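Reviewing the structure listed below.
Read-outs: derived from the displayed coordinates by stated rules, not from any lab. Just so we're clear, the structure is a prediction, and the values are computed from it rather than from any experiment. Note: ideal-geometry Cβ built from the backbone for every residue, glycine included; neighbour counts use all protein chains shown.
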Amino acid sequence: MFGAFFKPKNPRVPPGQILTEKFPVLTYGPVPDLKPEEVRLELTGLVEESRVLGWSDLMALPQTEQVADFHCVTRWSRLDVRWGGVRVLDLMPLVRLSPEVQHVLVYCYGGYTTNLPLEDFLRPENLLAHTLFDRPLPREHGGPLRLVVPHLYAWKSAKWVRGFRFLAQEELGFWEQNGYHRRGDPWKEERFSEAG
Ligand SMILES: Nc1nc2c(c(=O)[nH]1)N[C@H]1C(S)=C(S)[C@@H](COP(=O)(O)O)O[C@H]1N2
Ligand SMILES: [Mo]
């Protein structure tokens, strides 16, 4: 009889998160309007040679489909989002990182930035997504191209991504400069930075 009250917690939902069936849109600042053929993806910073990829370069790389959960720090989680795109690990052979690289600054059309430790960036489930549930990624969800980093809070999943800068020292992104945690693991509730 207590079953109704003590509903077992879904083990896929991190602490402090509430499930939603919808896929809310969360954007701070402008929503860029880009055609796929206008998209450029820059790989810069501490690399042997910088690269700039166009849409056809991205389409020529292996294409992957992947289902992942999506956790926003404002406490909503959406399970089983189906993305299509290019895995970060399939992109990275195009550049040679210098050995001191330990961090990545992700920058976007519209000015948004976010930072990632290199080891969080180089994960097999991280995707440069251009497809959402078998349709072209809608503009408000980051189309034509966004980063998806499922194991961290969704502010790391940068929409309208424009490039990755590979760095020896950490450079904080937009929300990280404004009080969010530098890493943002939802399972550890790394929501805000400790320092004031
Ligand atoms: N360029 C850009 N990327 C962004 C954001 C943003 O404001 N600008 N918001 C982030 C936040 S806080 C979240 S929760 C997710 C939301 O993605 P969605 O709008 O597709 O749900 O995008 C992230 N990526
Ligand atoms: Mo968010």
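Restricting to region 57-78, count the residues that are assigned to a strand (DSSP E or B), surrounded by 14 or more Cβ atoms within 10 Å (Cβ to Cβ) and away from ligand 2 (no atom under 16 Å from the Cβ).
Qualifying residue count, region 57-78: 2.
What number of residues in region 39-62 are under 17 Å from the mean Cα position of the chain (by Cα) and of a type in the set (S, T, N, Q)?
Qualifying residue count, region 39-62: 0.
If you check every pair at least six apart or on different chains, which have Cβ atoms under 7 Å apart with a residue in region 128-157 that is more than 17 Å from residue 80 (Cβ to Cβ) and aromatic (Phe, Trp, Tyr) first and a residue that is within 13 Å of ligand 1 (Cβ to nearest atom) and not in a strand (DSSP E or B) second?
These pairs meet every condition: 153/72; 153/73; 153/184; 153/186; 155/73; 155/175; 155/184.
Identify the residue in region 103-122 that is in a loop (DSSP other than H, G, I, E, B) and touching a helix residue (DSSP H, G or I) at 6+ places or on another chain (Cβ under 7 Å) and, among all such residues, is nearest to ligand 1 (Cβ to nearest atom).
Top of the filtered list is 112.
Within region 55-78, can you find the residues that are within 16 Å of ligand 1 (Cβ to nearest atom) and of a type outside the set (Ser, Thr, Tyr)?
Those that are within 16 Å of ligand 1 (Cβ to nearest atom) and of a type outside the set (Ser, Thr, Tyr): 66, 67, 68, 69, 70, 71, 72, 73, 75, 76, 78.
Which of the residues spanning region 153-174 are among the small types (Gly, Ala, Ser), away from ligand 2 (no atom under 15 Å from the Cβ) and farther than 20 Å from residue 138 by Cα?
168
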